[in-house]
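Structure first, commentary second.
Values in this text are rule-based calculations from the coordinates and carry no lab data. These numbers come from a predicted model, not from an experiment. When we count neighbours, we look across all protein chains shown, and the Cβ atoms used for this are built from the backbone with ideal geometry, even at glycine.
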Amino acid sequence: MAFGWGKGCQNRNAMPPPAPREPGPPPPGLSLALPGRAKPYVMAHRGNRVACPENTLASFRRAVEDGADILETDLYLSADGTFVCIHDPTLERTTDGTGPVEARTLAELKSLSASCGRPEFASERIPTLAEVAALLPPDRGLALELKSDRFLDPEVGRRLGKELSDLDVLGRSFVISFSRARLDATRVGAPGLPSGWITLKEARPVRGVELLGPFWPLLLVNPLYVVRAHRRGQAVAPLDPTPDGRLWLYRLLGCDAVLTDDPEKTIRQLGRAVSRT
């Protein structure tokens with residue numbers, strides 16, 4: 001489609017338009033490519049937290065069985081330095097323990113039930129990063145939200161990158177956070193680990209990250225958000241854990257992934273087959 005000035009706005013002295021440029025390589029950034037899987041990718045928010053207690057192996061296993069493309073979880077460190085998957089800084093909401101997560105050793109954390117008060121899941125425990133990675137099929141991705149200020153230490157980022165590499169999932173993993181400082185420090189320690197910034201307020205795509213997670217109403221404030229991000233090679237996954245009523249919008253805008261608390265329902269809404277029989 002050509003776009004030009006109307007006759008009343010023509011400039012007779014204007015220079016002729018430049019010759020079209022040859023298409024160059026795609027811009028650098030996170031391709032967020034999972035071969036054989038269709039976009040928008042379904043990102044299971046803390047697993048399938050509708051069917052199972054959030055951030056448990058039961059929840060992640062169910063999400064994989066549903067057919068989720070990406071498992072999303074939250075990272076803290078135990079007092080003795082193990083990466084553990086839990087959302088809150090304290091234990092009360094999701095476990096039968098009390099107090100700060102990072103004040104407990106791994107053994108102490110493993111002694112707690114992570115059932116979120118659901119008796120049928122009383123045997124579930126707070127999983128380690130290694131345990132979650134072990135559930136990941138070779139064609140799925142892993143999103144890790146950095147919840148702790150211990151990630152402000154680049155050495156912690158270096159350890160995270162090494163562990164993901166040792167687990168053979170580094171090439172399918174990325175970190176996300178509301179904190180640019182945590183992301184920047186982790187990038188220093190693990191420069192090969194892509195990062196994504198989550199925002200509740202910024203309606204323009206920012207530079208310096210490979211993935212953007214704007215709160216979904218920001219895409220209405222700025223309908224060109226995704227286009228502009230893609231021009232820079234950045235992927236977009238809106239912050240919207242209950243996306244089903246807006247999937248039409250995310251498809252129209254070309255979002256790369258959708259977050260969901262209920263991957264089975266979202267996959268069905270997208271018209272795809274659920275893997276679980």
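Worth pointing out:
- In plain terms, the chain from residue 50 to residue 275 could stretch by 79.3 nm, reckoned as 0.36 nm per residue minus the Cα-Cα distance.
- Between residue 227 and residue 252, the simple spin-label model (points 7 angstrom out along Cα→Cβ) gives 1.4 nm.
- Convex hull per residue volume in Å³, alpha carbons only, for the chain: 161 Å³
- Computed E for residue 65/residue 167 - FRET, C-beta separation, R0 22 angstrom, nearest 0.05: 0.60
- Take the Cα of residue 268, go 7 Å toward its beta carbon, and the backbone nitrogen atoms of segment 32-67 under 18 Å from that spot belong to 42-45, 48-52, 62-67.
- With both residues required to sit in the chain, DSSP beta bridges show an antiparallel share near 15%.
- 20 °C / 1.002 mPa s Stokes-Einstein diffusion coefficient of segment 109-261, Kirkwood radius on C-alpha pairs, µm²/s: 127 µm²/s
- FRET efficiency estimate (nearest 0.05) - Cβ-Cβ, residue 159 to residue 110, R0 22 angstrom: 0.65
- The label point for residue 180 and the one for residue 90, both projected 7 Å from the Cα toward the Cβ, are 3.1 nm apart.
- From least to most packed, judged by other beta carbons within 10 angstrom and beginning with the fewest, 149, 240 follow the order 149, 240.
- Protection proxy ranking, peptides 262-269, 249-256, 33-40, average beta carbon neighbours within 10 Å, highest first: 262-269, 249-256, 33-40
- From the C-alpha gyration tensor of segment 58-186, square roots of 5λ in Å: 22, 20, 12
- Packing, taken as the mean count of other beta carbons within 10 Å per residue, orders the peptides 168-179, 67-78, 86-97 from highest to lowest as 67-78, 168-179, 86-97.
- Lysine pair count for the chain [Cα-Cα under 28 Å; pairs on different chains or 8 or more apart]: 8
- Put in line by how crowded their Cβ is, counting other Cβ atoms within 10 Å and starting with the fewest, 231, 207 read 207, 231.
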